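Asks: Below is a structure I'd like to ask you about.
The values are calculated or read from the model by the stated rules, or taken from the named source; none is laboratory data. If you're wondering where the values come from, they're calculated on a predicted model, not measured in any experiment. Cβ placement follows ideal geometry from the backbone for every residue including glycine, while neighbour counts extend to all protein chains displayed. Protein only, heavy atoms only, side chains kept; ligands, DNA and RNA dropped before computing areas. Shrake-Rupley method; radii C 1.70, N 1.55, O 1.52, S 1.80 Å.
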Amino acid sequence: MRSSSAPRRATACGTAPYGDWGSRKSLLASLDQSLERLGLDYVDIFYHHRMDPETPLEETMGALAQAVRSGKALYVGVSNYDGPTLERACHIMEDLNCPLVINQNSYNIFNRTIEKNGLKETAVRERKGIICFSPLAQGTLTDRYLNGIPADSRVRTDGRFLKESSLTEEKLKQIKALNDLALQRGEKLSQMALKWILKDGQITSVLIGASRPEQILDNLKAMEGAGFTQEELAKIDAISAQ
C-alpha cells in the first residue's frame with residue numbers, strides 16, 4: 001500500500017460484470033480486491049455497477065455506506081440505475097448520512113434510456129451528478145462508419161459491444177444524416193454528439209473513451225462554437241427516432 005501522504009485519484013466498481021451483483025459480501029470484497037490491485041488505501045468514488053433484483057436495496061446501500069465509514073472510499077456512486085431506484089437509494093443514503101454523489105449511465109443521441117426510465121429527471125431533482133459512458137455509441141456517432149465497416153474497426157476486431165448486425169442499412173442512413181447536420185454546423189459528428197449530451201447543463205461529465213491523443217483534442221472542440229437551435233434539436237430527434 002502507498003503511504004497515507006501519497007496522492008490518489010481513482011474509482012472502483014463493485015459487482016457486475018464481476019461477482020454476484022449487490023450483496024454486502026460481494027461489494028466489500030470487490031472493494032478490497034480493487035484497492036489491492038490499485039495499490040491504494042482508498043478510492044475517491046466506489047460505484048455499485050447495476051441494480052440487483054436479488055438483494056434488498058437497503059443491504060446494497062448499507063454496504064456502500066460501510067465502505068465510506070471504513071475510510072476505503074470517500075464517496076459513493078451508482079451505475080445503470082433507473083429513476084425510481086435512484087430515488088429510493090438517495091433516501092436510504094440520506095438516513096445513513098452517506099454521500100451518494102453521482103450516477104454513471106450510458107447516454108447518447110441513439111440511447112435515450114435515462115430520459116425514458118426517469119433517471120435523468122430524478123438525478124436533477126435529487127441534485128446528483130450524471131456521468132455518461134458510451135457518448136459516441138461505440139463509435140457510430142463519428143465519421144468511422146460513414147462508408148461502411150472498416151476492416152480494422154472494433155466491430156471486426158472485437159465485437160463484444162458493437163456487432164456488425166447492428167449496423168443495418170437504416171442505421172447507416174441515420175449516421176449519415178446526423179453527419180450532414182454536423183457538417184452544416186461546421187462540426188464533426190463526434191463533436192456534435194458530445195455537445196448534444198451537454199446541451200442542457202444536466203450532465204456532469206462525459207467519459208469519452210479516447211484511444212489516441214488526437215481524439216481527445218478533437219473531442220474538446222465540442223466545447224466550442226454555437227449551441228443548438230430548436231430546429232436542430234428537432235432534426236436530431238427525428239433522425240435518431242427513425
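Asks: Could you list all residues from segment 173-189 that are under 15 Å from GLU231 (Cβ atoms) and either in a loop (DSSP other than H, G, I, E, B) or open to solvent by 50 Å² or more (accessible area, probe 1.4 Å) (or both)?
Replies: Selection gives ASP180, GLN184, ARG185.
Asks: Does segment 21-31 include one or more residues that are of a type outside the set (Lys, Arg), part of a loop (DSSP other than H, G, I, E, B), open to solvent by 10 Å² or more (accessible area, probe 1.4 Å) and at pLDDT below 95?
Replies: Within segment 21-31 (the criterion being of a type outside the set (Lys, Arg), part of a loop (DSSP other than H, G, I, E, B), open to solvent by 10 Å² or more (accessible area, probe 1.4 Å) and at pLDDT below 95), the answer is yes, since at least one residue qualifies.
Asks: Identify, please: which residue in segment 84-100 is at pLDDT 95 or above and open to solvent by less than 50 Å² (accessible area, probe 1.4 Å) and is, among those, nearest to LYS199 (Cα to Cα)?
Replies: Here the residue is LEU86.
Asks: Determine whether TYR81 is over 21 Å from VAL206 (Cβ atoms), buried (at least 17 other Cβ atoms within 10 Å of the Cβ), touching a helix residue (DSSP H, G or I) at 6+ places or on another chain (Cβ under 9 Å) and of a type in the set (Phe, Trp, Tyr).
Replies: no
Asks: Looking only at segment 35-64, count every residue that is crowded, with 18+ Cβ neighbours inside 10 Å and either of a type in the set (Val, Ile, Thr) or farther than 22 Å from SER106 by Cβ (or both) and tell me the total.
Replies: Summing the residues that are crowded, with 18+ Cβ neighbours inside 10 Å and either of a type in the set (Val, Ile, Thr) or farther than 22 Å from SER106 by Cβ (or both) in segment 35-64 gives 9.
Asks: Looking at LYS120, is it assigned to a helix (DSSP H, G or I), closer than 30 Å to THR142 by Cβ and basic (Lys, Arg)?
Replies: Here the answer is yes, as LYS120 does meet what is asked.
Asks: Additional query: Starting from segment 195-213, take each residue that is in contact (Cβ under 8 Å) with a residue 60 or more places away in the chain and closer than 18 Å to ARG144 by Cβ and list its partners that are part of a loop (DSSP other than H, G, I, E, B) and open to solvent by 70 Å² or more (accessible area, probe 1.4 Å), counting only C-beta distances under 8 angstrom and pairs at least six apart or across chains.
Replies: Listed by first residue and then by second, the contacts come to nothing, as the list is empty.
Asks: Out of everything in segment 117-134 that is crowded, with 16+ Cβ neighbours inside 10 Å and β-branched (Val, Ile, Thr), what residue ends up being farthest from ILE175 (Cα to Cα)?
Replies: In this case the residue turns out to be THR122.
Asks: Inside segment 196-234, can you point out the residues that are surrounded by 16 or more Cβ atoms within 10 Å (Cβ to Cβ) and among the small types (Gly, Ala, Ser)?
Replies: ALA222
Asks: Taking segment 65-78 only, how many residues are in a helix (DSSP H, G or I) and buried (at least 20 other Cβ atoms within 10 Å of the Cβ)?
Replies: 3
Asks: Go through segment 105-116 residue by residue and tally those that are part of a strand (DSSP E or B) and either aromatic (Phe, Trp, Tyr) or buried (at least 23 other Cβ atoms within 10 Å of the Cβ) (or both).
Replies: 1
Asks: Continuing with this model, one more query. State the number of residues belonging to segment 207-239 that are part of a helix (DSSP H, G or I) and hydrophobic (A, V, I, L, M, F, W, C).
Replies: Of the residues in that region, 10 qualify.
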